[in-house]
Amino acid sequence: MATGTSAGEAGHDTPTGREAVGPAPQATVPAAVAPGRPEAAAARNAAARNGAADAAPSAAPLLAVRDLTVSYPGRLGRRQVAVRGVSFEIAAGETFGLVGESGSGKSTISRVLLGLRRADSGSVLLDGEDVTHASRRARRRLAPQVQMVFQDPYGSLNPDRRIGDTVGAGLLFHTELTRAQRRARVAELLAEVGLDPALAAAYPEELSGGMRQRVGIARALALEPRLLVADEPVSALDVSVQAQVLNLLTELQRSRGLAMLFISHDLTVVRHMSSRIAVLRAGEIVEAGDRDQIMERPESDYTRALLAAGLSARRPAAA
Ligand SMILES: Nc1ncnc2c1ncn2[C@@H]1O[C@H](COP(=O)(O)OP(=O)(O)OP(=O)(O)O)[C@@H](O)[C@H]1O
Ligand SMILES: [Mg+2]
């Protein structure tokens, strides 16, 4: 039974620093692969797959991204390739970290996973089913299984919509629940993310950034997804609130057995959340492997630079 306490910015949650974010569950660890030359790409992609060759055979991964290439229309009719030949797998219940500097293609990958953007080539398989080329009907069936937690807790909530309606919108579209059942479910979801269920009647402007992000998480959980895509879920929050939201994500991931693609420019945050990590640079995976290997024995100069640069790869925001 959840407590239903209101999660204020300071003090109501477990008082933690970032160090208190628990270790991610261990997953099958692929062998390290030498980075650097283009011909190593296939091998690096192999390292991003879950399961080394000598590991015991496991069930098909929950998510398999295969040789994904995505481009945007560019100047003079030339397309700009944002993601090139990216492959990785995420097992059920695993948190996989994707780290890279601004513009490296992280959000482009998440948009494809959410079905918001088409890939030029390659595929995304959910439980072995190709989402990239699925029919509209199949996509509608698969869509609830992958849900998103957005970066901006201010921009991602409709300011004119009550919190309860935001959290319950997916239930309205994808389930047959009655109004009363939806209201009860929304109350449960709010409690599960540490918010007072009475906040269902509130509007976003009445909530702090941390509380709004909890609403975003409750919305993402409403349809019982199997994979949560968290794209920079705390980078817009005060440092004091970041650890609380990360802890919540970790708790939910464990209690629900959720798989998570955790995206950040910040290797220190990714490290705390993920069992395996892929490092993305200019749309390509330069290195992938077990969290400890990436953090303690990085093979790529780029990963080393990420670590050295104050453990943060974010370029300063434009003025
Ligand atoms: N809608 C778009 N139209 C054209 N180019 C785009 C579009 N969205 C992204 N890009 C380009 O694609 C590349 C990857 O962008 P993306 O947003 O995926 O990066 P990111 O790693 O998420 O960066 P950030 O850390 O700043 O969020 C960048 O060069 C970006 O300019
Ligand atoms: Mg992004």
* Of all residues in the range 129-164 being of a type in the set (Val, Ile, Thr) and more than 16 Å from ligand 1 (Cβ to nearest atom), which is modelled with the lowest pLDDT? -> Thr132
* Asked: What residue, among those in the range 274-295 that are among the charged types (D, E, K, R) and over 17 Å from the mean Cα position of the chain (by Cα), is nearest to Gly122 (Cα to Cα)?
  -> Glu284
* Asked: Of all residues in the range 119-128, which are more than 18 Å from the chain's Cα centre (by Cα) and either within 23 Å of Ala60 (Cα to Cα) or at pLDDT below 90 (or both)?
  -> Ala119, Ser121, Gly122, Ser123, Gly128
* Would you pick out the residues in the range 176-187 that are out of contact with any Leu (no Cβ under 7 Å at 6 or more places or on another chain) and either surrounded by fewer than 17 Cβ atoms within 10 Å (Cβ to Cβ) or among the hydroxyl-bearing types (Ser, Thr, Tyr) (or both)? -> Glu176, Thr178, Arg179, Ala180, Gln181, Arg183, Ala184
* Can you work out which of the residues in the range 100-109 that are of a type outside the set (Gly, Ala, Ser) and either more than 10 Å from ligand 1 (Cβ to nearest atom) or under 11 Å from the mean Cα position of the chain (by Cα) (or both) is nearest to Asp67 (Cα to Cα)? => Ile109
* Asked: Is there a residue being under 19 Å from Val234 (Cα atoms), of a type in the set (A, V, I, L, M, F, W, C) and under 18 Å from the mean Cα position of the chain (by Cα) anywhere in the range 170-192?
  -> no
* Some residue of the range 252-263 being among the hydroxyl-bearing types (Ser, Thr, Tyr), within 16 Å of ligand 1 (Cβ to nearest atom) and either within 30 Å of Ala187 (Cβ to Cβ) or out of contact with any helix residue (DSSP H, G or I) (no Cβ under 8 Å at 6 or more places or on another chain) (or both) -> no
* Examine the range 110-117 for a residue that is within 20 Å of the chain's Cα centre (by Cα), in contact (Cβ under 8 Å) with a residue 60 or more places away in the chain and on the phi > 0 side of the Ramachandran plot, and state whether such a residue exists. => no
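Here's the yes/no breakdown for (1) in a helix (DSSP H, G or I); (2) away from ligand 2 (no atom under 16 Å from the Cβ):
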position	(1), (2)
Glu89	no, yes
Leu98	no, no
Ser104	no, no
Ser110	yes, no
Arg117	no, no
Arg137	yes, yes
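The values are calculated or read from the model by the stated rules, or taken from the named source; none is laboratory data. Computed from a predicted structure; not experimentally measured. Every residue, glycine as well, gets a Cβ built from its backbone with ideal geometry; the counts of neighbours run over all protein chains shown.
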